[in-house]
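Novice: Have a look at the structure that comes next, please.
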Amino acid sequence: MRKRIFRSTAILVTLAILVTFVTAFFFMYNKLEENMTERVDNEVDYLAKAVDELGGTSLETGLADGVTGRITLVDAVGNVLYDSYEDAAEMENHASRPEIAQAMKEGRGSASRYSTTYAKRSYYAAVRLDNGQILRVGDTIDSVYGTLFPGVFMLLLPLVLLLILSFYLIDRTTKRMMEPLEAIDLDHPLENVAYDELVPFLRRIADQNEALKEQVQERNKQQQEYVAITENMKDGLIVTNRHHVLSINRAAQRIFEIKPEECMGQNIIVVNRNQKLKEVVDGALAGKDMVKHMTIDDVTYELHGNPVIQDGTNTGVVIFIMDVTQKKQLENMRQEFSANVSHELKTPLMSISGYAELLKDGIVRPEDQKKFAGRIYQEAARLTTLVQDIIRLSKLDDENLELEKETIDLFEMSKEIIETLQPAAKKRHISISYQGKRLSISGMPQIIYEMLYNVCDNAIHYNKDEGTVVITTEKTEEGICWSVADTGIGIPLAEQERIFERFYRVDKSHSRATGGTGLGLSIVKHGAELHGARVRVDSAPDQGTTITIVFPA
Amino acid sequence: MRNRFDRQLEELHVELIEMGSMCEDVIRKTSKLLQSGDAKVAREIRKEDSNIDEQERLVESLCLKLLLQQQPVAKDLRKVSAALKMITDMERIGDQASDIAEIIETTDFSVPTNDVKLAKMAETTIAMVTESIDAYVKQDLELVHEVIARDDEVDDLFLEVRQEIADDMVEAGDPMSSLDLLMIAKYFERIGDHATNIAEWVEFSITGTHKDADIL
């Protein structure tokens, strides 16, 4: 804006000066020319009278000294007799000059001539003397343009000065005008109105400011809510624009071990190059809702990819990442449990129905009948134990189970168990011993007995012939420890966590060489949970196993 | 035009990561095959190897197109030329995995599953390949140096495995399967070298220095 003001002012000032100058010049020039012709006319009249009185020679003797113009005297036929500027003898005949010709004819003549070469304007006036001779006076001034051009250059200096002055003034004025405008605080536009003309404009700004502030606040609130939700949730969340990451929450950063600055705005493949993630993104971009499982370092994640649809076009993907390792494990366990339970129930039943069929058909020799019945009885007993174990377990599962707690002497109970198991141990030449102090705990006797019995039973069952079993009780910082150490076949480290699962057996063949239902340690675990106790396994293959139950003191 | 250039560069980046991911996958499968000897896995590996070859051609043509059409300079040029070198190593990793699969498939010998050292070698090379690709994805110099340092680990393991095999040869007197085992160990050692090469080219694409020498 200031530039434009400067430009138009410059044009205006220049034009004004030029127009004024030119007008003044022409006026002055006309006056000058008029003056000159008048002077020349007067001079010729005056000189003519003097020459008439004094004779032609008087010109050469000083008469012409006071005259500025050029004086020429010619005879009646035009030969130059005298010239004040040049040698008369060398001058040509002047009869043809218009002013002289006119004077010869009419007694007086005048003419004005213009010389383009010298840019001069000349004026001549001639008068016929009494003796027939012609007296001419001429004078010369610069022509209009000859006078004008040097003047124009003289004009430049004031022009430049004027322009500088006007620029300075404009600068000052516009600054003074703009100062209050620039000082307006646009955050509070109505508090300092510089010009009344601006009020409607400022009011509008004030309204918009208000609206804007509300919107920003609203947006900030929404943003905070979004961040609070996404950053604190346990599951990973990634939002993409087509293939590029727009946002990735903390959980997802942790899962994929990536920092936001490493992947923001980058292709999703940078986050993780697992094929499954790519499939989810591609599928979602094709408009499908995708669910896939993906495993990173033994952790299974479920990926959900959903398309983001804006105005009918698919603009991105929201990817949800959930840790489903536990769910997956539980699923596997359930599957294994049902497979196991049906296997465990079916095997004795098959034996029973097989033997019974033989008996029914009468194929069995009478002397063998007793043996067969014995087998059927054995298998039925097995089934009964199994069903009893299952019932016990489900009882323990019942959280509301509340039996009366009593004080139990671990020593007494261990002794009782040793006596019960002694025959089985003797058969395999296994020695059982007890060491430690007499310690008592508070608990439900039936369940504690069941637990300790199962652990001791296992120690004998999975022992080697002529092995030893040592039961120890001691009081430590953790609480009251009751442990059984055997010298048996041991449990590989990888299996140690799983032995407490129902029907889980280290020996996958489900061999019944050792008997047992596969539920014993499950019962131990559940019983321990009921009493707030912990079960610890310490074992190495072929080295033996120590199982410790730690009761809270 | 520049927009198109950026798009092409990104495409190259993505396809290269994809190829890296395929390599990781194929050697992970190889290590699994080593334990199970499952013929189905061996077939999968060979198929994956041909996929890697295809991917190599794709990345190669992307690189050449970029060089020809965009005449990249400075960092971009380094990226493209490093990519050209990296895919050669990745392709070799695929080949070597496929070679291991072939040995296991054609000769019916079973790798002693309790061969802890060979398993450790496989594990280390997998980690090296993964880390070298990671280094490329994250443009991480620290990871680059880790990978390069790990190569010695694999080399040492190879020497140990070789010693074991030599002892076995004398004791068990089954030279054929011992030789096969040695070949497998050597292939793993080579895969480790290729992972190191990849890491070195990643360093070049970041810094312009390859094996401590300015080559561009």
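The values are calculated or read from the model by the stated rules, or taken from the named source; none is laboratory data. Model, not experiment: these values are computed from the prediction. Reconstructed Cβ throughout: ideal geometry from the backbone, glycine too, with neighbour counts over all protein chains shown.
Novice: Exactly one condition in (1) more than 14 Å from chain A (Cβ to nearest Cβ); (2) acidic (D, E); (3) under 28 Å from A:P260 (Cα atoms) is false for B:E171; which is it?
Specialist: That leaves (3) as the condition not met.
Novice: Residues that are closer than 30 Å to B:V116 by Cβ, within 14 Å of chain A (Cβ to nearest Cβ) and either within 21 Å of the chain's Cα centre (by Cα) or at pLDDT 85 or above (or both): does the stretch B:51-66 have at least one?
Specialist: Scanning the stretch B:51-66, I find at least one residue that is closer than 30 Å to B:V116 by Cβ, within 14 Å of chain A (Cβ to nearest Cβ) and either within 21 Å of the chain's Cα centre (by Cα) or at pLDDT 85 or above (or both), so the answer is yes.
Novice: Tell me which residues, restricted to the stretch A:253-276, are more than 10 Å from every other protein chain (Cβ to nearest Cβ), of a type outside the set (V, I, T) and buried (at least 18 other Cβ atoms within 10 Å of the Cβ).
Specialist: Within the stretch A:253-276, A:Q253, A:F256 meet the criteria.
Novice: Regarding the stretch A:229-246, can at least one residue be identified that is outside any helix (DSSP H, G or I), more than 14 Å from every other protein chain (Cβ to nearest Cβ) and more than 30 Å from A:P307 (Cα to Cα)?
Specialist: No, the stretch A:229-246 has no match at all.
Novice: Among the residues that make up the stretch A:321-335, is at least one of them in contact (Cβ under 8 Å) with a residue 60 or more places away in the chain, in a helix (DSSP H, G or I) and in contact with a helix residue (DSSP H, G or I) (Cβ under 7 Å, 6 or more places away or on another chain)? Break it down into steps so the answer makes sense when it comes.
Specialist: Applying the first criterion (in contact (Cβ under 8 Å) with a residue 60 or more places away in the chain) to the stretch A:321-335 yields A:321-323, A:333.
If we keep only those that are in a helix (DSSP H, G or I) too, we end up with A:333.
Narrowing the set further to residues that are in contact with a helix residue (DSSP H, G or I) (Cβ under 7 Å, 6 or more places away or on another chain) leaves none.
No, every residue in the stretch A:321-335 fails to be in contact (Cβ under 8 Å) with a residue 60 or more places away in the chain, in a helix (DSSP H, G or I) and in contact with a helix residue (DSSP H, G or I) (Cβ under 7 Å, 6 or more places away or on another chain).
Novice: For A:D389, work out the one condition from (1) modelled with pLDDT under 85; (2) not assigned by TED's automatic domain parsing to the domain that holds A:H343 it doesn't fulfil.
Specialist: (2)
Novice: Is it the case, given these coordinates, that A:V67 is at pLDDT below 80, in contact with an Asp or Glu (Cβ under 8 Å, 6 or more places away or on another chain) and surrounded by 11 or more Cβ atoms within 10 Å (Cβ to Cβ)?
Specialist: Answer is yes for this residue.
Novice: I'm trying to understand the selection: among the residues of the stretch A:88-115, which are closer than 16 Å to A:V137 by Cα and either acidic (D, E) or in contact (Cβ under 8 Å) with a residue 60 or more places away in the chain (or both)?
Specialist: A:E99, A:S110, A:S112
Novice: How do the pairs read when you match residues in the stretch B:120-143 that are within 13 Å of chain A (Cβ to nearest Cβ) with residues anywhere that are of a type in the set (K, R), using Cβ under 6 Å and keeping only pairs 6 or more apart or on different chains?
Specialist: B:I126/B:R28
Novice: Related question: Every residue in the stretch B:204-216 that is under 12 Å from B:K75 (Cα atoms) and not aliphatic (A, V, I, L, M), please.
Specialist: B:F204, B:S205, B:T207, B:G208, B:T209
Novice: Among the numbered criteria (1) touching a Gly at 6+ places or on another chain (Cβ under 8 Å); (2) within 14 Å of chain A (Cβ to nearest Cβ); (3) within 16 Å of B:E102 (Cα to Cα), which one does B:C23 miss?
Specialist: (3)
Novice: Search the stretch A:137-165 for residues that are without any contact (Cβ under 8 Å) to a residue 12 or more places away in the chain and pair each with any residue that is assigned to a strand (DSSP E or B) when their beta-carbon atoms are under 9 Å apart and the residues are at least 6 apart or on different chains.
Specialist: So the pair list comes out as A:P150/A:D142.
Novice: Kindly provide the set of residues from the stretch A:255-272 that are part of a helix (DSSP H, G or I) and in contact with a strand residue (DSSP E or B) (Cβ under 8 Å, 6 or more places away or on another chain), ordered by number. Spell out the reasoning first.
Specialist: First pass over the stretch A:255-272, keeping only residues part of a helix (DSSP H, G or I): A:255-256, A:260-263, A:268-270.
A:I255, A:F256, A:P260, A:C263, A:I268, A:V270 - these are the residues of the stretch A:255-272 that are part of a helix (DSSP H, G or I) and in contact with a strand residue (DSSP E or B) (Cβ under 8 Å, 6 or more places away or on another chain).
Novice: Would you confirm, using the coordinates I've provided, whether A:L303 is farther than 20 Å from B:I126 by Cα, within 13 Å of chain B (Cβ to nearest Cβ), modelled with pLDDT of 85 or more and crowded, with 19+ Cβ neighbours inside 10 Å?
Specialist: Answer is no for this residue.
Novice: Starting from residues that are free of Cβ contacts under 8 Å to residues at least 60 places away in the same chain and crowded, with 17+ Cβ neighbours inside 10 Å, keep the ones in the stretch B:24-45 and report whichever is farthest from B:M121 (Cα to Cα).
Specialist: For the stretch B:24-45, the residue satisfying everything is B:E44.
Novice: What do you reckon, is A:D207 of a type in the set (D, E), at pLDDT 85 or above and surrounded by 15 or more Cβ atoms within 10 Å (Cβ to Cβ)?
Specialist: When the stated conditions are applied, A:D207 does not pass them.
Novice: Also, quick follow-up: Working carefully through the options B:L84, B:L77, find the one that is farther than 25 Å from B:S50 by Cα and either touching a Leu at 6+ places or on another chain (Cβ under 9 Å) or surrounded by 19 or more Cβ atoms within 10 Å (Cβ to Cβ) (or both).
Specialist: Only one candidate qualifies: B:L77.
Novice: Still on this structure, I have one more. With B:V116, B:V161, B:V154, B:V147 as the choices, which residue is surrounded by fewer than 16 Cβ atoms within 10 Å (Cβ to Cβ), away from chain A (no Cβ under 14 Å) and of a type outside the set (S, T, N, Q)?
Specialist: B:V116
Novice: Residue by residue through the stretch B:26-43, note down the ones that are within 26 Å of A:V271 (Cα to Cα) and either more than 13 Å from every other protein chain (Cβ to nearest Cβ) or modelled with pLDDT under 85 (or both). Step through it out loud before you land on a result.
Specialist: Here is the first cut: in the stretch B:26-43, the residues within 26 Å of A:V271 (Cα to Cα) are B:26-32.
Scanning the stretch B:26-43 gives B:I27, B:T30, B:S31, B:K32.
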